[in-house]
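Chemist: Please find one structure pasted underneath; my questions will follow.
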Amino acid sequence: MKEHINVKSIGITLGLLLLTCFIFYLGVAVFISGPKFKYEADILEQEKMIQKEFKDIKNLHRHIFQYTTYVGKEENRWIWFNEKGVAITSREDDTVRFDEAKRSVEDKYNTRVNDVQLGYGYNNPVYVVYCELGEVLLDYETLEEVYIIRTGGK
């Protein structure tokens, strides 16, 4: 018995396979990459808005807790901004207590601290202490715990 290869069926199968790959690629490009690029562009636009108004701002970083805020240093003060680039509060540089915030978390939780940054809590500035437990938010003025975001299962 002689086997017969049906070229027309192979062609249709390969065409459908290519169409499926194209649709999958298009879905990834439109529904995954598109929103990601828009999200990154929105963040960049917000940072540019702040830098346009405050030309000497340095160390600008974004923090998300209850609100999305930005924190940066200008001359001798730290400034907190909302998502619209409007300054919401500021503190003089000589009031910052990064080392005390770090020691407070190390002592209370017996954990290694990786970094301490400034952020914004429910109603006022906080220290965001990144450690093995996750993130510990300490009130800027009192160094009391505002919230802890645990990661890593401890």
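The values are calculated or read from the model by the stated rules, or taken from the named source; none is laboratory data. Worth saying up front: this structure is predicted, and the values here are computed from it rather than measured. Virtual Cβ from ideal backbone geometry, glycine too; neighbours counted across all protein chains shown. Ligands, DNA and RNA are stripped out before the accessible areas are found, and what is left, the full protein with its side chains, is counted by its heavy atoms. Shrake-Rupley method; radii C 1.70, N 1.55, O 1.52, S 1.80 Å.
Chemist: Can you find a residue that is in contact with a helix residue (DSSP H, G or I) (Cβ under 7 Å, 6 or more places away or on another chain) and among the basic types (Lys, Arg) anywhere in the range 102-120?
Modeler: No, the range 102-120 has no match at all.
Chemist: Further question: Would you please list the contacts, defined by Cβ atoms under 9 Å and residues six or more apart or on different chains, that run from a residue in the range 55-84 that is closer than 16 Å to Tyr122 by Cβ and free of Cβ contacts under 8 Å to residues at least 24 places away in the same chain to a residue that is surrounded by fewer than 20 Cβ atoms within 10 Å (Cβ to Cβ) and of a type in the set (Phe, Trp, Tyr)?
Modeler: Taking only residues 6 or more apart or on different chains, the pairs are Asn82/Tyr67.
Chemist: Suppose the filter is touching a residue at least 60 places away in the same chain (Cβ under 8 Å) and of a type outside the set (Gly, Ala, Ser); does Val128 pass it?
Modeler: yes
Chemist: Would you please name the residue that is most open to solvent (accessible area, probe 1.4 Å), looking only at residues in the range 118-154 that are in a loop (DSSP other than H, G, I, E, B) and within 23 Å of Glu83 (Cα to Cα)?
Modeler: Ranking the qualifying residues of the range 118-154, first place goes to Asn123.
Chemist: Within the range 1-117, considering only helices (runs of 4 or more DSSP H) that don't extend past its boundaries, which have at least 2 residues that are surrounded by 14 or more Cβ atoms within 10 Å (Cβ to Cβ) and among the hydrophobic types (A, V, I, L, M, F, W, C)?
Modeler: In the range 1-117, the matching helices (runs of 4 or more DSSP H) lie at 34-53, 98-109.
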